[in-house]
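Trainee: Below you'll find the structure I mean.
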Amino acid sequence: MTGLPLLLLDVDGPLNPYAAPDSRCPEGYGTHRLLPQSWVARHAPLSREEVEPLRVWLNPAHGPELLALPYQLVWATTWMDEANSLIAPRVGLPELPYIPWTNLFGSDPDRLHWKTRDLVAWADGRPFVWLDDELGPQDIEWIAANHPGEALPLWVDPRAGLHELHFAALREWAEEAPC
Ligand SMILES: [Mg+2]
């Protein structure tokens, strides 16, 4: 363990602004056609050969910008280990640990996001920031009540992806959060 706070990083939304206006590739991003297992699974019963690849927009500046932050980076994404093979090389990140989900796309009795309980269990009390385009007020409340360490769940607009304001918030929080 490094003693650094964790940065739990979603792919679709923060790194891939899939909802960008007019379906246009945002400036600074490149277009990739990828076929992650989670995308194939969503199209069952179609076989892998029958599924149209997923369009993914990625910005190669994001890896170096994230690595410059005082955090331990962790994938918190449906891509799971495929984030290492398919996303990391395209944004300039090394292989990172990832959170294995037990309730992928599942429902929750308290209407939490399906990632929230696994994510808090995985963090195991360590301070973390969670960047995601799908977290909601109920997740923020539940984390505050159930995670014994400091935590900052930070919503990212999937129309815009990561922006300077997120990097500024991450720098500021790392300075203030006790490790
Ligand atoms: Mg997402």
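The values are calculated or read from the model by the stated rules, or taken from the named source; none is laboratory data. Bear in mind the structure is a predicted one, so any value in this text is a computation, not a measurement. All Cβ positions, glycine included, derive from the backbone under ideal geometry; neighbour counts span all protein chains shown.
Trainee: Out of the residues in segment 119-139 that are surrounded by 17 or more Cβ atoms within 10 Å (Cβ to Cβ) and within 16 Å of the ligand (Cβ to nearest atom), state the one that is farthest from L9 (Cα to Cα).
Mentor: If we take residues in segment 119-139 being surrounded by 17 or more Cβ atoms within 10 Å (Cβ to Cβ) and within 16 Å of the ligand (Cβ to nearest atom), then D139 is farthest from L9 (Cα to Cα).
Trainee: Among the residues of segment 5-25, count how many are assigned to a loop (DSSP other than H, G, I, E, B) and either of a type in the set (D, E) or within 16 Å of the ligand (Cβ to nearest atom) (or both).
Mentor: Of all residues in segment 5-25, those assigned to a loop (DSSP other than H, G, I, E, B) come to 5, 10-11, 13-15, 17-20, 24-25.
Imposing the further condition that a residue be either of a type in the set (D, E) or within 16 Å of the ligand (Cβ to nearest atom) (or both) reduces the set to 10-11, 13-15, 17-20.
Result for segment 5-25: 9.
Trainee: Out of (1) within 16 Å of the ligand (Cβ to nearest atom); (2) aromatic (F, W, Y); (3) buried (at least 18 other Cβ atoms within 10 Å of the Cβ), what's the single condition that is false for W114?
Mentor: The single condition W114 does not satisfy is (3).
Trainee: Moving on to the next point. Please verify whether segment 21-32 includes one or more residues that are in contact (Cβ under 8 Å) with a residue 12 or more places away in the chain and among the basic types (K, R).
Mentor: No, there is no match, as no residue in segment 21-32 is in contact (Cβ under 8 Å) with a residue 12 or more places away in the chain and among the basic types (K, R).
Trainee: Do we find a residue being farther than 25 Å from G63 by Cβ, within 13 Å of the ligand (Cβ to nearest atom), modelled with pLDDT of 95 or more and part of a loop (DSSP other than H, G, I, E, B) anywhere in segment 152-164?
Mentor: The answer is no, given that none of the residues of segment 152-164 is farther than 25 Å from G63 by Cβ, within 13 Å of the ligand (Cβ to nearest atom), modelled with pLDDT of 95 or more and part of a loop (DSSP other than H, G, I, E, B).
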